[in-house]
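Some notes on the structure that comes next.
The values are calculated or read from the model by the stated rules, or taken from the named source; none is laboratory data. Being a predicted model, the structure only gives us computed values, none of them experimental. All Cβ positions, even for glycine, are placed from backbone atoms using ideal geometry, and neighbour counts span all protein chains on display. All accessible areas refer to the heavy atoms of the entire protein, side chains included, with ligands and DNA or RNA removed. Shrake-Rupley method; radii C 1.70, N 1.55, O 1.52, S 1.80 Å.
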Amino acid sequence: MTYTPPWRRVCDCRCIIHHRLPRTTYNEPGCACTITCATQPLTLLVHQLGRAFFLDQGGDLWHVPAMTQGTWDWDNAARVDTGADGYDAGSVIEQLLRQAANVLGTSTD
């Protein structure tokens, strides 16, 4: 089976904005995609911080805040500045997601 990157797949979670369409913008207003949507890249859920981290199609680290009932605040999703002083956690998370993608045989680009 050939691997298809998430940004080349169509939404399968019935989001009113993306249903049956590709999703390449992760902070589009009104997006209601689930974290298990076919368009969602490899994702690390961090319950302690109330957010999820993932790499976009360019390999940049993003975060999205969790909301109630297993929904996600895509309007407030944003890139993480892994080069910012004092944000070592972002660099570590980015490296771990890249390593996991390599182990699983998926691609971050």
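Looking across the stretch 18-42, just one residue is open to solvent by less than 60 Å² (accessible area, probe 1.4 Å) and among the charged types (D, E, K, R), and that is ARG23.
Just give me the residues in the stretch 91-103 being farther than 10 Å from LEU42 by Cα and either open to solvent by 50 Å² or more (accessible area, probe 1.4 Å) or modelled with pLDDT under 85 (or both), in sequence order. Even if it seems obvious, please write down each step before you answer.
Here is the first cut: in the stretch 91-103, the residues farther than 10 Å from LEU42 by Cα are 91-96, 99, 102-103.
The answer is VAL92, GLN95, LEU96, GLN99, ASN102, VAL103.
Specify which of the listed residues (ASP81, ASP56, ASP75) is open to solvent by 60 Å² or more (accessible area, probe 1.4 Å), touching a residue at least 12 places away in the same chain (Cβ under 8 Å) and of a type outside the set (Gly, Ala, Ser). Before the answer, list the steps.
Details: ASP81 fails: touching a residue at least 12 places away in the same chain (Cβ under 8 Å); ASP56 fails: open to solvent by 60 Å² or more (accessible area, probe 1.4 Å).
The unique qualifying residue is ASP75.
The residue that is most open to solvent (accessible area, probe 1.4 Å), among those in the stretch 1-17 that are in a loop (DSSP other than H, G, I, E, B) and within 21 Å of MET67 (Cα to Cα), is ARG14.
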